[in-house]
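Down below is the structure, laid out as structure tokens.
The values are calculated or read from the model by the stated rules, or taken from the named source; none is laboratory data. Nothing here was measured: the structure is a model prediction, and the numbers come from that model. Quick reminder, even Gly has a Cβ in these numbers, built from the backbone with ideal geometry, and neighbours come from all protein chains shown. Ligands, DNA and RNA are excluded from the accessible area calculation, which covers all protein heavy atoms including side chains. Shrake-Rupley method; radii C 1.70, N 1.55, O 1.52, S 1.80 Å.
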Amino acid sequence: MLTSELTLLAEKPEIFTYWLELVTAHNIKGKRTHDLRLLAVMKAHQISNLLTFNPEDFIAIPGVNIIHPQEIVNSS
């Protein structure tokens, strides 16, 4: 089962702090705030790579690499 292969990340208080900083600094509103929350979770858990088919949905922040699957295919 796929769920046995996944690690669930704990909700941490600093996620909200990181999220609020990102939303405020980049003046993001609406649905895009959900993408920022994912970046905040990554930052709180010290996760550095995000694999996505929609890299343009995410802002660049220090310590996080936004990677399109095609970049992996092209580098092999």
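Some values worked out for this structure:
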{"quantity": "Sparsely packed GluC sites (Glu not before Pro) within region 2-76, loop by DSSP, other Cβ within 10 Å at most 16", "calculated": "GLU11"}
{"quantity": "Integer Hz, Karplus 6.51/-1.76/1.60 couplings in order for region 66-73, x for Gly and Pro", "calculated": "9, 10, 8, x, 4, 5, 6, 4"}
{"quantity": "Matching label, P(r) over Cα pairs in 10 Å bins from 0, in percent computed from the structure shown, candidates (1) 18, 42, 26, 11, 3, 1; (2) 17, 44, 31, 7, 0; (3) 18, 53, 27, 2", "calculated": "(2)"}
{"quantity": "Added length on full extension, which subtracts the Cα-Cα distance from 0.36 nm per residue, ASN54 to HIS26", "calculated": "8.2 nm"}
{"quantity": "Separation of the THR17 and GLN46 label points, Cα + 7 Å toward Cβ, nm", "calculated": "1.6 nm"}
{"quantity": "Accessible-area value, THR52, 1.4 Å probe, nucleic acids and ligands omitted, Å²", "calculated": "20 Å²"}
